[in-house]
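What follows is a set of notes on a single structure, which appears directly below.
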Amino acid sequence: MDSSLARLDLNLLAVFDMLMQERNVTHAADRLHLSQSTVSHALGRLRVALDDPLFVMSRREMMPTERAKALAGPVRQALAMLEQGLRQAKGFDPATARRIFRIATPGSVEHGLVPVLVDRLYRQAPQCRLEVCELADNNYERELEKGELDLVIGFAGANHLSPRLWREEWFNNPLVCLSPLGSELPDVLTPVELVSRPHIHTSSWGHSQAMVELWLARFGVERELGVRLPSFMAVPPLMATGRYLVVVPEMIGRHFCRYYPLRMHQLDPAIPIIYLMAGHPLTAHDEAIGWFKSLLHQLVFDLYGADALGTPAQRMLAK
């Protein structure tokens with residue numbers, strides 16, 4: 001065995017991993033639930049064992065040396081695999097498990113599906129919880145590798161997720177147009193009819209809105225944007241003015257039409273939006289994440305039917 005490896009123990013590697021994340025002894029100690037002196041002592045042992053300072057103080061934070069940078073990836077991967085192995089050894093029983101599932105998701109899923117998802121999670125895994133953050137233009141490899149997230153809900157064709165992540169199609173939810181109740185627009189809108197009024201543009205980073213622009217460009221027409229919004233929250237009161245149209249995923253359209261005086265129109269030709277799940281290979285066999293994925297698939301099957309599921313295999317399985 002290499003002599004430097006013989007002088008290390010798992011606790012020292014966990015301290016090193018946290019210091020790489022936080023670049024601050026106090027913050028690392030807080031996250032590890034250890035005293036600052038314990039973390040400082042562990043860092044001293046690491047420096048002796050590896051014959052390298054590992055971290056050097058700068059004006060703002062502790063900067064890793066080249067040796068520390070080279071170690072960071074293998075140590076994080078080793079710890080993640082150990083954490084995964086320990087979880088698998090215990091097994092996952094949703095009825096008794098205590099776990100927080102952390103996901104990044106677009107605003108449409110947060111608005112249209114998360115309330116139903118939370119209810120199902122509460123009924124099937126009463127001691128598990130859900131934490132949701134908004135999807136951003138990020139490759140998410142680091143967050144998933146470090147365990148800060150379990151899954152990312154993204155869009156097929158958005159091309160921002162790391163190629164190292166596994167991906168699995170979740171479901172298709174086409175875009176629809178909403179108009180004020182009483183509008184004289186037909187039930188199905190062509191591109192020319194869709195640009196007959198100013199539009200509300202939802203989301204500061206909106207894949208669905210980009211798809212609308214590409215769709216209109218195919219037919220040589222442009223829409224006028226009346227309002228840009230970072231989310232769906234202000235859509236109903238703005239639509240109540242009678243001045244605007246808005247294109248949203250069908251799940252959002254159905255929700256708004258249920259509670260507000262709005263009318264839903266299909267688009268011709270249709271604009272499909274395919275949602276996918278993505279995760280890190282380190283957690284591909286995590287039983288808890290596998291169960292959570294099954295919960296997500298069952299949810300959209302119950303709400304939208306087998307035809308909405310992502311792949312033919314999933315549609316057959318649901319039947």
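Screening the range 105-153 for residues that are of a type in the set (Asp, Glu) and in contact with a Phe, Trp or Tyr (Cβ under 8 Å, 6 or more places away or on another chain) and picking the one that is surrounded by the most Cβ atoms within 10 Å (Cβ to Cβ) gives ASP150. Looking at the range 214-237 only, could you name the residues that are under 17 Å from SER108 (Cβ atoms) and open to solvent by 70 Å² or more (accessible area, probe 1.4 Å)? Residues satisfying the conditions are ARG228, PRO230, MET233. Restricting GLU213, GLU222, GLU287 to those that are more than 22 Å from the chain's Cα centre (by Cα) and over 19 Å from ASN173 (Cα atoms) reduces the list to GLU222. At least 1 residues being touching a Lys or Arg at 6+ places or on another chain (Cβ under 8 Å) and in contact (Cβ under 8 Å) with a residue 12 or more places away in the chain is the threshold, and among the helices (runs of 4 or more DSSP H) wholly inside the range 207-319 those reaching it are 207-218, 250-259, 287-304.
For the range 252-291: of the residues being among the β-branched types (Val, Ile, Thr) and open to solvent by less than 10 Å² (accessible area, probe 1.4 Å), which is farthest from LEU178 (Cα to Cα)? Give the steps one after another, and end with the answer.
Of the range 252-291, the ones among the β-branched types (Val, Ile, Thr) are 252, 271, 273-274, 283, 289.
Next, from what is left, pick out any that are open to solvent by less than 10 Å² (accessible area, probe 1.4 Å): 252, 271, 273, 289.
Numbers: ILE252: 10, ILE271: 14, ILE273: 17, ILE289: 36 Å.
Going through the qualifying residues, I end up with ILE289.
State which residue is farthest from ILE289 (Cα to Cα) when the search covers only the range 97-149 and only residues that are among the polar types (S, T, N, Q) and not in a loop (DSSP other than H, G, I, E, B). Out of the qualifying residues, it is SER108. Of the residues LEU181, LEU282, the single one that is within 22 Å of the chain's Cα centre (by Cα), aliphatic (A, V, I, L, M) and over 22 Å from PHE155 (Cβ atoms) is LEU282.
Residue-level check: of (1) in contact (Cβ under 8 Å) with a residue 24 or more places away in the chain; (2) in a helix (DSSP H, G or I); (3) open to solvent by 40 Å² or more (accessible area, probe 1.4 Å), LYS69 misses just (1). Determine, yes or no, whether ASP93 is of a type outside the set (Lys, Arg), part of a helix (DSSP H, G or I) and open to solvent by 30 Å² or more (accessible area, probe 1.4 Å). No: the conditions fail for ASP93.
Against the test of being touching a residue at least 60 places away in the same chain (Cβ under 8 Å), within 13 Å of MET18 (Cα to Cα) and under 35 Å from the mean Cα position of the chain (by Cα), the options LEU43, LEU79 yield a single qualifying residue, LEU79. Selection over the range 21-31 of residues that are assigned to a helix (DSSP H, G or I) and either of a type in the set (D, E, K, R) or at pLDDT below 90 (or both) gives a count of 4.
Find the residue count for the range 158-199, including only residues that are open to solvent by 60 Å² or more (accessible area, probe 1.4 Å), out of contact with any Phe, Trp or Tyr (no Cβ under 8 Å at 6 or more places or on another chain) and part of a loop (DSSP other than H, G, I, E, B). Number satisfying all stated conditions: 8.
Residues in the range 46-59 include none that are open to solvent by less than 80 Å² (accessible area, probe 1.4 Å), farther than 20 Å from GLN77 by Cβ and in a helix (DSSP H, G or I).
The values are calculated or read from the model by the stated rules, or taken from the named source; none is laboratory data. Keep in mind that what you see is a predicted model, and the values were worked out from it rather than measured. Heads up, the Cβs are rebuilt from the backbone with ideal geometry, glycines too, and the neighbour counts pull from every protein chain shown. Areas reflect the complete protein model, heavy atoms only, side chains present, ligands, DNA and RNA absent. Shrake-Rupley method; radii C 1.70, N 1.55, O 1.52, S 1.80 Å.
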